[in-house]
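The values are calculated or read from the model by the stated rules, or taken from the named source; none is laboratory data. Remember, predicted model here, so these are calculated numbers, not experimental data. Because the Cβ atoms are built from the backbone with ideal geometry, glycine has one as well, and the counts that use them run over all protein chains shown.
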Amino acid sequence: MSDFLKISGLHASIETDGGAKEILRGVDMTIPAGELHVVMGPNGCGKSTLAYALAGREDYEITSGSVAFKGKDLLELEPDERAAAGIFLAFQAPVELPGVNNANFLRTAVNAVRRARGEPEMDAVAFLKAVRAATKSLSMSDEMLKRNVNVGFSGGEKKRNEVLQMTLLQPSFAVLDETDSGLDVDALRIVADGVNRLRGPEFSALVITHHKRLLDYLSPDRIHVMANGRIVHSGGPELAEKIDQEGYAAFLADAA
Amino acid sequence: MSAPAAFAQQLEKTSGAARDAALALERIGLPGPKTEAFLYTSLRPLTGRSFTAPPEAPSADAVRALIMRSVPVDGPLAGQPLVVFVNGVFSREHSKYPDQAGVHIRTDATDAVQEDGDMPFLLLNDALYRDVTVLEVDRDTDAGSFVVLSLSFGTDTSFHPRLRVRAGDGASVTLTEIAAGEGAYLNNPVLFCDVSPRAHVVHTKLQQEDAQAVHMAAVRVAVAEGGSYDSFTLGLGGVLSRHEVRSVLGGAKAAVHINGAQLLTERQTGDITSVIRHAAPDCISRQTVRNVLGGHARGVFQGKVFVERIAQKTDGYQMNQALLVSETAEMDAKPELEIYADDVKCSHGATVGALDADQLFYLCSRGIPGAEARQILISAFLEEVLDLVTDEAARDALQGVLQQALAKRIGAVS
């Protein structure tokens, strides 16, 4: 049995006015099934690029390296195929979709994924039941379903809407890109509960964060420190505590 | 400018006031490539062709079938009174409306014509109309809703329907106009709208002409004190179309809304042109137009807001937005403000862009395949502007037609 998610020597660059700029410079990481890993690191070290690269964003060009997901070559798949395969990215800055009703969007997404997974589509009644249960568990009002996707949502509402999508799409691997930023303590708890409900032997996650606080609710298995586009250090959950107190300085010296 | 050779045979046969219009048209000619008002809209689909007099009327069954397609019995407009034009002429046989106190519909053989050198297609109608239908609503009467159908059948033939709406003081009427047909014809409808003080006219238009047809419409609107003309046009059909509105706000606190949307693909050209003249103080004008252009389509928006010196406290807003879903589509926008009053609030703008990459990625990252994601965003862009359609039944009808058009056509180009 191959590893659940295995990132090897991943290099990625983005096109800028001044030419291609390399952001990921050889990321290696293995996440076994059922584990929750964390990536921490200073701003600009490549954390969000890693998240986008895993979800398949086009403007990040993978120049070398590989990502195997459940034994498949993830980099060969289109973004929608990755979602169907079980990848989910909770966006750091969820995108507003004016004119697109949130409930219709959620149902379209759920049924697209179910179709691709060979499962029967949900009819309106079954979907409404599922979505109501999910919003209730996330302390969201049903009124948010009637609005356009993320339009006029507060920062916290956007993040909850991400977790709502994650709950309904039932991924086997979720990447949460600073989902905790801008959340108050109560919202943080609700988001963490949303993640914890998905946890099990067939679900893994990669959590990108700056703050230890979210980790107090998530009990991660492993912490990775990223700097200059590489993982420069990995350790157990206690590493988060150390970073919280001492900062990244010690790791940056290693990476230079 | 080119001589109106395409219509020479018909223009020769005119007499009376129509003859004067024909001569005026012959003098100024049809717009050519150097005509300012038609700078972006080529009349090539008309050149080298001859539009002979209308052929024999289509069979009653053919007309009924097209009525059923245009106003489905299970659709939101079903059951509304129908005013039907067939091949440019009022059809008593197919029209259906009840007698209503204070509402008068009649058809006259002749109508006052006005020479508008800069509206050549109004002049063409002035010269070639066969009859004029007049819808009059007495003062303080709510005439309710009417569906106005303009149905065209034939090829190399032209039709010139003409409708006058007069809403008396405090009267109101809601019109939903649908233009449809079969063949490579020219449809040249003209609507005059005379809105008295405190009267309200709602005009929603759906242009779904045959893909080979040409649609050249002219609308002239005069709104008196406290009155309103609230319009929306959705352009889907025709190889070439132009919806041209001239509106005058002639009394204080009058309002006009000239909103619209176009969905054009292949080699379609669609033109929405308007002049809004503020000739009295405290008036409001609103114009939002959205265009979705695929294939080799070309969208044209020309909008002029003219504020006379007397029109203080004018509140004007104009916005044209275009979404280009192919590399070869084109949008030409010419928003203009001409302001002679010093205490006014007028804004205008124009945007042209492709689908947003962030939005597309967001949808795809949720498992929605690329083609479906594109359709969702295109649909959302147009749905938003359809919210401006005030009449609920008309809005539902437009939404239904738009969804069908998107499903059928956008897949092929995006």
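Of the strands (runs of 3 or more DSSP E) lying entirely inside the range A:189-236, those containing at least 2 residues that are closer than 23 Å to A:Ala134 by Cα and out of contact with any Pro (no Cβ under 8 Å at 6 or more places or on another chain) are A:204-208.
Per-residue answers, yes or no, for (1) surrounded by fewer than 23 Cβ atoms within 10 Å (Cβ to Cβ); (2) among the acidic types (Asp, Glu); (3) touching a Phe, Trp or Tyr at 6+ places or on another chain (Cβ under 6 Å):
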| position | (1), (2), (3) |
| --- | --- |
| B:Ala184 | yes, no, no |
| B:Asp210 | yes, yes, no |
| B:Val214 | no, no, no |
| B:Gly251 | yes, no, no |
| B:Gln262 | no, no, no |
| B:Thr265 | no, no, no |
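The residues in the range B:125-164 that are modelled with pLDDT under 95, in contact with a Pro (Cβ under 7 Å, 6 or more places away or on another chain) and not in a strand (DSSP E or B) can be counted, and the count is 1. Under the condition of being touching a residue at least 60 places away in the same chain (Cβ under 8 Å) and at the interface with chain B (Cβ under 7 Å from one of its Cβ atoms), the residues counted in the range A:92-104 number 0. Selection over the range A:240-256 of residues that are surrounded by 14 or more Cβ atoms within 10 Å (Cβ to Cβ) and free of Cβ contacts under 8 Å to residues at least 24 places away in the same chain gives a count of 1. Screening B:Val300 against (1) of a type in the set (A, V, I, L, M, F, W, C); (2) more than 30 Å from A:Gly86 (Cα to Cα); (3) within 14 Å of another protein chain (Cβ to nearest Cβ) leaves a single unmet condition, (3). Would you pick out the residues in the range A:1-21 that are crowded, with 16+ Cβ neighbours inside 10 Å and part of a strand (DSSP E or B)? If the condition is that a residue be crowded, with 16+ Cβ neighbours inside 10 Å and part of a strand (DSSP E or B), then A:Leu5, A:Lys6, A:Ile7, A:Leu10, A:His11, A:Ala12, A:Ser13 are the ones that fit. Per this entry, A:Thr135 is not counted among residues that are in contact with a strand residue (DSSP E or B) (Cβ under 7 Å, 6 or more places away or on another chain), touching a residue at least 24 places away in the same chain (Cβ under 8 Å) and away from every other protein chain (no Cβ under 14 Å). Selection of strands (runs of 3 or more DSSP E) fully inside the range B:233-282 by the criterion of at least 1 residues being over 24 Å from B:Glu384 (Cβ atoms) and touching a strand residue (DSSP E or B) at 6+ places or on another chain (Cβ under 7 Å) returns B:240-249, B:269-278.
Okay, residues lined up against (1) within 12 Å of chain B (Cβ to nearest Cβ); (2) surrounded by fewer than 17 Cβ atoms within 10 Å (Cβ to Cβ); (3) out of contact with any Phe, Trp or Tyr (no Cβ under 9 Å at 6 or more places or on another chain):
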{"position": "A:Val38", "(1), (2), (3)": "no, no, yes"}
{"position": "A:Gly41", "(1), (2), (3)": "no, no, no"}
{"position": "A:Leu54", "(1), (2), (3)": "yes, no, no"}
{"position": "A:Glu61", "(1), (2), (3)": "no, yes, yes"}
{"position": "A:Asp73", "(1), (2), (3)": "no, yes, yes"}
{"position": "A:Leu77", "(1), (2), (3)": "yes, no, no"}
{"position": "A:Ala84", "(1), (2), (3)": "yes, no, yes"}
{"position": "A:Ile87", "(1), (2), (3)": "yes, no, no"}
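The single condition among (1) outside any loop (DSSP other than H, G, I, E, B); (2) under 26 Å from B:Gln212 (Cβ atoms) that B:Thr107 does not satisfy is (2).
Conditions tested, residue by residue: (1) surrounded by fewer than 20 Cβ atoms within 10 Å (Cβ to Cβ); (2) modelled with pLDDT under 95; (3) more than 10 Å from chain A (Cβ to nearest Cβ).
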residue: B:Pro335; (1), (2), (3): yes, yes, yes
residue: B:Tyr340; (1), (2), (3): yes, no, yes
residue: B:Gly349; (1), (2), (3): yes, yes, yes
residue: B:Asp358; (1), (2), (3): yes, no, no
residue: B:Leu363; (1), (2), (3): no, no, no
residue: B:Ile368; (1), (2), (3): no, no, no
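Hey, any hits in the range A:105-115 for a residue that's touching a residue at least 12 places away in the same chain (Cβ under 8 Å), over 26 Å from A:Arg57 (Cβ atoms) and either within 14 Å of chain B (Cβ to nearest Cβ) or among the hydroxyl-bearing types (Ser, Thr, Tyr) (or both)? No, there is no match, as no residue in the range A:105-115 is touching a residue at least 12 places away in the same chain (Cβ under 8 Å), over 26 Å from A:Arg57 (Cβ atoms) and either within 14 Å of chain B (Cβ to nearest Cβ) or among the hydroxyl-bearing types (Ser, Thr, Tyr) (or both). Is there a residue being within 30 Å of B:Ser70 (Cβ to Cβ), buried (at least 21 other Cβ atoms within 10 Å of the Cβ), at pLDDT 95 or above and away from chain A (no Cβ under 14 Å) anywhere in the range B:373-384? Among the residues of the range B:373-384, not one is within 30 Å of B:Ser70 (Cβ to Cβ), buried (at least 21 other Cβ atoms within 10 Å of the Cβ), at pLDDT 95 or above and away from chain A (no Cβ under 14 Å), which makes the answer no.
Against the condition closer than 15 Å to A:Ile231 by Cβ, among the charged types (D, E, K, R), out of contact with any Asp or Glu (no Cβ under 7 Å at 6 or more places or on another chain) and touching a residue at least 12 places away in the same chain (Cβ under 8 Å), how does A:Arg57 come out, does it pass? No: the conditions fail for A:Arg57.
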